Every structure is written in structure tokens, then in C-alpha cells.
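**Student:** Attaching a single structure in C-alpha cells format; questions to follow.
The values are calculated or read from the model by the stated rules, or taken from the named source; none is laboratory data. All figures in this text were calculated on a predicted structure; none of them were measured in a lab. For neighbour counting, all protein chains shown are included, and Cβ atoms are generated from backbone atoms with ideal geometry for every residue, glycine included.
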Amino acid sequence: MRTLALTLTLLVAPALASRGDDRVDRAVAAGTRALIAAQSPDGAWRSRTYGVFKDGASLTPAVLKALAFAPAVEGIEDARLRGARYLAARVRPDGSIDEGRFGIVYPVYFDAASTIALSKIHAPDGREAQAALLADLRSRQLVEPLGWRPDDPAFGAWGYAPEPSARRDDGRAVDADLSSTLFAVGALRLGGATADDPAIVKALRFVERCQDFDPSDPARSDGGFFLTPTDPARNKAGASPSGRFHSYGSATADGLRALLRCGLPPDHPRVLAALGWLKRNFSTSTVPGTFEGSREDDREATYFYYCWSLAHAFRSLGVRTFERDGRKVDWAAEIADELLRRQRPDGTWSNRFSASKEDDPLVATPFALGALANGRP
């Protein structure tokens, strides 16, 4: 429950937190201090909620990435450097990745987020570690060396699995998803890959397969995105009676960002269609989209991820405000207002739904801080 002081603050404050509101500054500083306090002596971050996230590799890249863009609060420089040293040390001198005793839970996220964090925070051997992480990332793409062909639905993607899937024709679900692909493409572009790099060109094929968009008749599609065409169970909104997957907020924000990172211009019809979906369905209280009844809990499970990706998407296109239903929407202010309402007294955020593990403050808090940071001028 909120403390009385926080409740009173929200009651007397303006209805929306503006981008220059010092309430946002205080919220970000409190969240940053909470993350610093949760750091382990060896520089890693480990979950107190999930045993699978106690390995150090699972949470450290995301937390450190959030701290890389955080304000200068006491102890942050030391926390950044210790975290960066920890990540760099997970790369052996021969360029292989130290996966620890039980392996890395989400290696694509580890490679990509670590690359981004190390690009912002300089550490001994950090540059060499980035090169090794990017090489490992490239080896995990579902492309020709693993037997995949351009007409396969999974071609060009990355997935969650500890090991990438070799091509098969047995009808089973394939681990290939839009979120992992977005992270991978972002890291590769940051590492110097251009839009005509074969890995990026192939990734775009998969990204386009995740969009409800008909190039021959755009009016027949909604322009939104779903997570994957290869594993129906993992599309959180479910499928419509016609068999098409429903578009939903977090996937559409990811998809728009992925289109841009793969080199499509801001005025490309696919980009405009995705942006139109986000504007029409804009919400800060819930993840928008048509969810099948049995999937309603999945709607809320990625709430903080949705806010984070949505803020990135609008900022990537330079969108500050837009018109909807006859009113001017200031997305940054509305996201900030809702996140401030949800912040806990200790400075962290946590989701009451656990399906995506956002009930762990070390998962939700970096997303919330990233959403707030992207709403700043």
C-alpha cells in the first residue's frame, strides 16, 4: 500500500506529470537508489523472487542498462563500473561466453542488453567483450547455417531458448519471437551493423511476418503486431475466430521499433500503420488490444514492458503529442502519471501478475525507469 505521504502528494499534485515535473525526478532517483541498493558484492544483480534469476547473468544486463541512463545519485558511478566489470568478465579471453554452472537463461537478451550497457559504461576489456557478445548473437539467428530457408516463418528471427532451433518440419512450435529479435537487431545496429547487413535484412523478413499488414490492401489490416507466427501459445492476446493473431500493445511497440532499426524510414507504410495502431489504442492503464477471454491475465503481465517499449517507440519517431478522440494526448505525461501512481514506497515497481515475472522488482523497475527516461526532453 502507498504511504500516507505519497497518497497526499498525488492528491495535491497536478493531474498529469509533465516532462519537467520534479515528481518524476524524485521517482526516478528513488528507483535508481533502490536498484543500487540491490546490487550484489560481485557487481551483479540477483533476484530475491525467482531462483532461475539468481545466476547474475539474467538480470544484470537489464538493470545496468537502466542505470546507464539514470541520474547522478550517490553511489551510481561505483555501481555502474562494478556491474560493467561483472558483465565483461563473463567473456573469456578466447571470446567464448562463461555461461556459469547452469547456463544462461535468456542468452539473446544477455548478449544484446550487455552489449548496450557496455557501450555506455566503460570497463576494462569492455570493448573486447562487446565484440564477443555480438559474435555470439549472430550465431543464434535462425538463418541458413541452422538450416532455415527464407520461406520459413521463423527465418531471420531470434528466440528465447538457451540454444537456437535447427530447422525442422515436424509441426512443433519454433522458438522465434519479435521481442528477442528487436533486442538482437538493436545491439547489432549499435555495434555498427548497417541496414544492408545480411543479418538485418533477414531479420526484417521475420519482423514483417509479425505484423497484421497487407501491402496490397492496407485498409484490410489493423497495422498492429503480435509476438510470433511460429508458436500460437506465446501470442499473449490469442487468435481471432478467423485464425489470425490479435495485435496488442507491447508487441506493436516492439514491432514499430524493429521496423525502424531494420532500416525502414519513418514514413514507410508499415511504420505509419503501426504508429496509427498505437495512437488509436493508446492506454496507460492497461496493455491495449483484443485479448481472448482465457488470455486476460496475460494482458497485464507485461504492463511495465509495454510502457517501456511504447515510450521508446514514440520517442524514436519524435512524437511528443497526438490527437485522439478530440483531445491532445501528451503520452510522456500520461505514462509518467500512471507510473508514479504505481511506484512503491521503497522506490521500486512490481506487477501483481506474475506470468512474465514482472512481480520481481528487479524486472519491473528497470522497465519503469526506462519509460520515464524516454519521456524526458
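**Student:** Can you tell me which residue within the range 142-162, out of those that are of a type outside the set (A, V, I, L, M) and free of Cβ contacts under 8 Å to residues at least 24 places away in the same chain, is surrounded by the most Cβ atoms within 10 Å (Cβ to Cβ)? Walk me through it before giving the result.
**Tutor:** We begin by selecting, within the range 142-162, every residue of a type outside the set (A, V, I, L, M); these are 144-145, 147-153, 155-156, 158-160, 162.
Add one more test, that the residue is free of Cβ contacts under 8 Å to residues at least 24 places away in the same chain, and what stays is 144-145, 147-149, 151-152.
Working: 144: 13, 145: 11, 147: 12, 148: 23, 149: 10, 151: 7, 152: 20.
So the residue we want is 148.
**Student:** Going through 361, 345 one at a time, which residue ends up being under 16 Å from the mean Cα position of the chain (by Cα) and over 30 Å from residue 239 (Cα atoms)?
**Tutor:** Numbers: 345 fails: under 16 Å from the mean Cα position of the chain (by Cα).
Just one listed residue meets the conditions, 361.
**Student:** What pairs come out if I take residues in the range 310-323 that are more than 15 Å from residue 252 (Cβ to Cβ) and pair them with residues that are assigned to a strand (DSSP E or B) and charged (D, E, K, R) whose C-beta lies under 7 Å away, six or more apart or interchain?
**Tutor:** Correct list of pairs: 321/328; 321/330.
**Student:** Right, next: Of the residues that sit in the range 224-241 and are assigned to a loop (DSSP other than H, G, I, E, B) and among the aliphatic types (A, V, I, L, M), which one is nearest to residue 301 (Cα to Cα)?
**Tutor:** Looking only at the range 224-241, we keep the residues that are assigned to a loop (DSSP other than H, G, I, E, B), and these are 224, 226-231, 235-238, 240-241.
Restricting the remaining residues to those that are among the aliphatic types (A, V, I, L, M) gives 227, 237.
On the way: 227: 14, 237: 11 Å.
Among those that are assigned to a loop (DSSP other than H, G, I, E, B) and among the aliphatic types (A, V, I, L, M), it is 237.
**Student:** Out of 334, 323, 338, 296, report the one residue that is at negative phi and not in a helix (DSSP H, G or I).
**Tutor:** Details: 334 fails: not in a helix (DSSP H, G or I); 338 fails: not in a helix (DSSP H, G or I); 296 fails: not in a helix (DSSP H, G or I).
Answer to the check: 323.
**Student:** Kindly provide the set of residues from the range 102-115 that are modelled with pLDDT of 95 or more and either closer than 22 Å to residue 194 by Cα or among the small types (Gly, Ala, Ser) (or both), ordered by number.
**Tutor:** Correct list: 108, 109, 110, 111, 112, 113, 114, 115.
**Student:** In the list 38, 27, 68, which residue meets the criterion of being crowded, with 20+ Cβ neighbours inside 10 Å and in contact (Cβ under 8 Å) with a residue 40 or more places away in the chain? Reasoning before the result, please.
**Tutor:** On the way: 38 fails: crowded, with 20+ Cβ neighbours inside 10 Å; 68 fails: crowded, with 20+ Cβ neighbours inside 10 Å.
That would be 27, the only listed residue that is crowded, with 20+ Cβ neighbours inside 10 Å and in contact (Cβ under 8 Å) with a residue 40 or more places away in the chain.
**Student:** Go through the range 213-225 and give me each residue that's without any contact (Cβ under 8 Å) to a residue 60 or more places away in the chain and surrounded by 21 or more Cβ atoms within 10 Å (Cβ to Cβ).
**Tutor:** First pass over the range 213-225, keeping only residues without any contact (Cβ under 8 Å) to a residue 60 or more places away in the chain: 214-223, 225.
Selection gives 222, 223, 225.
Rundown of residues vs (1) crowded, with 22+ Cβ neighbours inside 10 Å; (2) farther than 26 Å from residue 65 by Cβ; (3) acidic (Asp, Glu), yes/no style:
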| residue | (1), (2), (3) |
| --- | --- |
| 173 | no, yes, no |
| 181 | yes, no, no |
| 190 | no, no, no |
| 197 | no, no, yes |
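Yes/no per residue for (1) in a helix (DSSP H, G or I); (2) of a type outside the set (S, T, N, Q); (3) under 23 Å from the mean Cα position of the chain (by Cα); (4) at pLDDT 95 or above:
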{"site": "141", "(1), (2), (3), (4)": "no, no, yes, yes"}
{"site": "160", "(1), (2), (3), (4)": "no, yes, yes, no"}
{"site": "163", "(1), (2), (3), (4)": "no, yes, yes, no"}
{"site": "183", "(1), (2), (3), (4)": "yes, yes, yes, yes"}
{"site": "201", "(1), (2), (3), (4)": "yes, yes, yes, yes"}
{"site": "214", "(1), (2), (3), (4)": "no, yes, no, no"}
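**Student:** Answer yes or no as to whether residue 283 is modelled with pLDDT of 95 or more and polar (S, T, N, Q).
**Tutor:** On the way: modelled with pLDDT of 95 or more: yes; polar (S, T, N, Q): yes.
Here the answer is yes, as residue 283 does meet what is asked.
**Student:** Run down 313, 355 and say which single residue is buried (at least 22 other Cβ atoms within 10 Å of the Cβ) and either aliphatic (A, V, I, L, M) or modelled with pLDDT of 95 or more (or both). Full working, then the answer.
**Tutor:** Values: 355 fails: buried (at least 22 other Cβ atoms within 10 Å of the Cβ).
One residue alone meets the criteria, 313.
**Student:** Moving on. Within the range 126-152, which residues are more than 16 Å from residue 191 (Cβ to Cβ) and touching a helix residue (DSSP H, G or I) at 6+ places or on another chain (Cβ under 6 Å)?
**Tutor:** The first filter runs over the range 126-152 and keeps only residues more than 16 Å from residue 191 (Cβ to Cβ), leaving 142-152.
Residue satisfying the conditions is 143 alone.
**Student:** Of everything in the range 110-139, what is surrounded by fewer than 22 Cβ atoms within 10 Å (Cβ to Cβ), part of a helix (DSSP H, G or I) and of a type outside the set (A, V, I, L, M, F, W, C)? Give them in sequence order.
**Tutor:** Across the range 110-139, the qualifying residues are 119, 120, 126, 127, 128, 136, 138, 139.
**Student:** Let me ask you something else. Step by step: first the residues of the range 85-109, then only those that are in contact with a Pro (Cβ under 8 Å, 6 or more places away or on another chain) and assigned to a helix (DSSP H, G or I), then the one that is surrounded by the most Cβ atoms within 10 Å (Cβ to Cβ). Which residue is that?
**Tutor:** For the range 85-109, the residue satisfying everything is 87.
**Student:** Does residue 220 satisfy being over 19 Å from residue 271 (Cβ atoms) and at pLDDT below 90?
**Tutor:** On the way: over 19 Å from residue 271 (Cβ atoms): no; at pLDDT below 90: yes.
When the stated conditions are applied, residue 220 does not pass them.
**Student:** Can you tell which of 254, 196 is touching a Ser or Thr at 6+ places or on another chain (Cβ under 8 Å), touching a residue at least 60 places away in the same chain (Cβ under 8 Å) and of a type in the set (Asp, Glu)?
**Tutor:** On the way: 196 fails: touching a Ser or Thr at 6+ places or on another chain (Cβ under 8 Å).
Result of the check over 254, 196: 254.
**Student:** A follow-up question, please. Is at least one residue of the range 242-255 at pLDDT below 95 and part of a helix (DSSP H, G or I)?
**Tutor:** No, there is no match, as no residue in the range 242-255 is at pLDDT below 95 and part of a helix (DSSP H, G or I).
**Student:** Here are 260, 264: which of them is surrounded by 18 or more Cβ atoms within 10 Å (Cβ to Cβ) and either among the basic types (Lys, Arg) or part of a helix (DSSP H, G or I) (or both)? Outline the logic, then answer.
**Tutor:** Working: 264 fails: either among the basic types (Lys, Arg) or part of a helix (DSSP H, G or I) (or both).
None of the others qualify; the one that does is 260.
**Student:** Here's a follow-up. Among the residues of the range 325-341, is there at least one that is within 24 Å of residue 60 (Cβ to Cβ) and surrounded by 23 or more Cβ atoms within 10 Å (Cβ to Cβ)? Give the steps one after another, and end with the answer.
**Tutor:** Keep residues of the range 325-341 that are within 24 Å of residue 60 (Cβ to Cβ), which gives 339.
Filter once more, keeping what is surrounded by 23 or more Cβ atoms within 10 Å (Cβ to Cβ): 339.
Yes, there is a match, as at least one residue in the range 325-341 is within 24 Å of residue 60 (Cβ to Cβ) and surrounded by 23 or more Cβ atoms within 10 Å (Cβ to Cβ).
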